[in-house]
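Novice: Below you'll find the structure I mean.
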Amino acid sequence: MSEVVDVGEGAKVSVDKTIDVLGFYCPVPIVEARKALAEMEAGRVLEVWSDDPEVLHDMPLLLKRTNDVMLSIENDAGEYRMLIQKVE
């Protein structure tokens, strides 16, 4: 069963896949996110956990190339949780 997450303004999404790249530095989080997104169908949501602050710069660059959408970014004590929706 997938987790339902509030992404703000009352919008809720269901997480379809999670990747945990805590402890890994770029480019690993970006490469793993790209692979996961390539395997997903449009409309699905990917959850990425990372503690590398470079993902805040690099992930939006990846999504610009793939045309996927960042739904939310949360920071909890240096751990970043990103929710990304596969568009195409």
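Novice: Please identify the GluC sites (Glu not before Pro) of segment 6-68 that satisfy two criteria: DSSP loop assignment and at most 12 other Cβ atoms within 10 Å. Which are they?
Specialist: GLU9, GLU41
Novice: Residue by residue, what Karplus-based ³J(HN,Hα) values in Hz, rounded to whole numbers, does segment 21-37 have, using 6.51, -1.76 and 1.60 with θ = phi - 60° and x for Gly and Pro?
Specialist: 10, 4, x, 9, 9, 4, x, 3, x, 6, 4, 5, 5, 4, 4, 5, 5
Novice: GNM, the chain, Cα, under 10 Å: largest mean-square fluctuation among LEU37, LEU46, LEU56?
Specialist: For the chain, modelled as a Gaussian network with Cα springs under 10 Å, the answer is LEU56.
Novice: Something else about it: Can you compute 3J(HN,Hα) from phi for each residue in segment 42-55, using the Karplus curve 6.51 cos²θ - 1.76 cosθ + 1.60 with θ = phi - 60°, rounded to whole Hz and x for Gly and Pro?
Specialist: Karplus-based 3J(HN,Hα) across segment 42-55 equals 4, x, 6, 10, 9, 9, 10, 10, 8, 10, 8, x, 5, 5 Hz.
Novice: For the chain, give the magnitude of the charge dipole about the Cα centre (Cβ charges: +1 Lys/Arg, -1 Asp/Glu; no others), in debye to the nearest 20.
Specialist: So the dipole magnitude of the chain works out to roughly 360 debye.
Novice: Over the chain, with a Gaussian network built from C-alpha contacts below 10 Å, which listed residue (ARG34, ARG65, ARG44) shows the highest mean-square fluctuation?
Specialist: ARG65
Novice: Next question. To make sure I understand the rule: partners must be aspartates and glutamates, Cα under 19 Å from the Cα of LYS64, and not fewer than 8 residues away in the same chain. Which ones qualify?
Specialist: GLU32, GLU39, GLU41, GLU47, GLU54, GLU88
Novice: Just to be sure I understand the model, the point goes 7 Å from the Cα along the line to the Cβ. What's the resulting LEU56 to LYS12 distance in nm?
Specialist: Once both label points are built, they end up 3.0 nm from each other.
Novice: Also, quick follow-up: If I model a spin label as a point 7 Å beyond the Cα along the Cα-Cβ vector, how far apart are those points for LYS35 and GLU88 in nm?
Specialist: It is 2.3 nm.
Novice: Rounded to the nearest 0.05, what FRET efficiency do ALA77 and ALA42 give with R0 = 22 Å and r taken as the Cβ-Cβ distance? Could you check?
Specialist: Calculated value: 0.10.
Only the coordinates and a few stated rules stand behind these numbers; no lab work does. As the structure is a computational prediction, the values presented were derived from the model and not from experiment. Reconstructed Cβ throughout: ideal geometry from the backbone, glycine too, with neighbour counts over all protein chains shown.
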